[in-house]
2 protein chains.
Amino acid sequence: MSTPPISRRARPSKAPLSRDVIVRTGLDILDRDGLDALTMRRVAKALDTGPASLYVYVAHREDLLAAMLDESLARVPLSSEGTWREQLHALAAATVEALGRHEGLAVVALGAIPTGSNALLVVDRMLALLKEGGLDDTTAAWAVDLLYLHIAAAGVEQSAYNTQDASEESTIAKAKDRYANLPGDRYPMVTSMRQALFAPGDRDAWGLRVLINGIIGTPAE
Amino acid sequence: MSTPPISRRARPSKAPLSRDVIVRTGLDILDRDGLDALTMRRVAKALDTGPASLYVYVAHREDLLAAMLDESLARVPLSSEGTWREQLHALAAATVEALGRHEGLAVVALGAIPTGSNALLVVDRMLALLKEGGLDDTTAAWAVDLLYLHIAAAGVEQSAYNTQDASEESTIAKAKDRYANLPGDRYPMVTSMRQALFAPGDRDAWGLRVLINGIIGTPAE
DNA sequence: CTAGGAAACGAACACCGTTCGTGTCAAACA
DNA sequence: TGTTTGACACGAACGGTGTTCGTTTCCTAG
């Protein structure tokens, strides 16, 4: 194709590139088409440019993902009403939900020590609430570690569940099937408790209650 | 190159392909060179064949990873000594360690309902121990959910820590640095508790104690 | 000894992340 | 005002990737 080099002056004033618009565009694509679709080329095309241009603002794809993670953590409400327990529960639940809303982002948070500025705000708030609950420094530090790990993991789970290809058979239905046809002698408990395993209920809230109860009742060392 | 088509008869009796040898070769490569090195081409080359040949036994790369995950779960000792609590703790810790030994494998376990035959054995044993502890069906079911989630997440963390490129500066040291230079007014707790946050200690064991204590003290619904 | 079917394979497709060198433009300086 | 400069944008390419297709090879069953 012989596209003559159009002066950018002539074009209808393209919005300038910046780290922020790249991150936001990335989140758009992620939400619309999933993690596999989030390629540097795709982001570049959405911004009407080539992939090379992105590398001025972003070191590599992982860097972009980390920035997207922190951006999506910006929307977590840091304070709420109630006792410190209720506030901690609400904060954790909100963070899980923020992570769960974008497929694959929570995985980025999982292996790493929180470092983004918004992630650190969440951690800071958590520590404050734990201290308000009367925990000593060591227990509070370990607790925030454990909570953050759980939050990231729960976020992964939630996003995996949210992002079910409507086209293919539900993952849960498949698993149910598999559990139903298991040899009862090799897996006696799984087989006999099949019903309870798949029964509905608010497991997320229960999990957070378990963690908080356990933290309160288990001083470090 | 004019390599004349050598009849396989003439070759020194290449070991035949099979799902098992592919999975084992995959684990070898993963342990030796990391997740990024685990490409279909690399596995094929290690087996002295082309990538296309693998697809007879393996549906796609993810399928291979899932098979590798279950294979590495085969080595988890399912029973030990002590009270049901101690046994549950040991089982969970052993599973975390098995997952943590192979970089990136735990991530595969994270989003999914356990379905592999070895994963199911672990789940079955956990359910048995929880029932031995006197929990009702619903609580035991939710507890195994929560424990499995934690185990997978802890495995990811451990493998991320194990797989530190010896070449580059330790991730922990970098985080310590970042925490040291944080604005104290924006992150008061993180800043003031910096010491406790990075202090050593057996956080993994504490985390499991927290979970088990919490489970015992938090009946479902 | 032959026919059939499963396994292995070579080549290719459509992408990917990332880098390099060149071009362009707006602000800073003379 | 004219010129320099340096940051940004971009086209093209490199060296890979997972996966598929059509063909060839080989073992086994008749």
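The values are calculated or read from the model by the stated rules, or taken from the named source; none is laboratory data. Model, not experiment: these values are computed from the prediction. Here Cβ is always computed from backbone atoms with ideal geometry, including for glycine, and neighbour counts include all displayed protein chains. Remember, those area values only see protein heavy atoms, side chains included, never the ligands or the DNA or RNA. Shrake-Rupley method; radii C 1.70, N 1.55, O 1.52, S 1.80 Å.
General remarks:
- Pairs of Lys residues in the protein assembly as shown are counted when their Cα atoms are under 29 angstrom apart and they lie 8 or more places apart or on different chains; the count is 6.
- Rg(Cα) / (2.2 N^0.38 Å) computed for the range B:19-58, rounded to two decimals: 1.02
- For the range B:19-58, averaging the sequence separation of C-alpha pairs within contact (under 8 Å, six or more residues apart) and dividing by the residue count gives a relative contact order of 38 percent.
- Computed with a 1.4 Å probe over protein heavy atoms only, the accessible area of B:Glu97 comes to about 90 Å².
- Accessible surface buried at the B:A interface totals approximately 5200 Å², computed with a 1.4 Å probe on protein heavy atoms.
- Fully extended contour minus Cα-Cα distance, from B:Ser170 to B:Asp63, at 0.36 nm per residue: 35.3 nm
- Residues B:Glu81, A:Glu157, B:Glu169, ordered by accessible area of protein heavy atoms at a 1.4 angstrom probe radius and largest first, appear as B:Glu81, B:Glu169, A:Glu157.
- Axis of helix A:117-132 versus longest Cα principal axis of chain A: the two differ by about 20°, to the nearest ten degrees.
- Average accessible area per residue (Å²) across the range A:81-216 - probe 1.4 Å, nucleic acids and ligands excluded: 43 Å²
- Nearest-ten-degree value, helix A:137-162 long axis tilted from longest Cα axis of chain A: 70 degrees
- Between copies, A:His60 shows label-point distances of 2.4 nm, shortest first, with the point placed 7 angstrom from Cα along Cα to C-beta.
- With the convex hull of the Cα atoms taken as the outline of the protein assembly as shown, the averaged projected area works out to 29.1 nm².
- Looking at the range A:19-58, the accessible area is 57 square angstrom per residue; that uses a 1.4 Å probe and ignores ligands, DNA and RNA.
- Relative contact order %, chain B, counting alpha carbon pairs below 8 Å whose residues are six or more apart: 18 percent
- Hull shadow area, averaged, chain A [alpha-carbon convex hull, nm²]: 18.4 nm²
- Shortest first, A:Gly184 label-point distances to identical copies amount to 6.8 nm, with the label point at 7 Å from Cα along Cα→Cβ.
- Solvent-accessible surface (1.4 Å probe) assigned to A:Lys176 amounts to roughly 100 Å².
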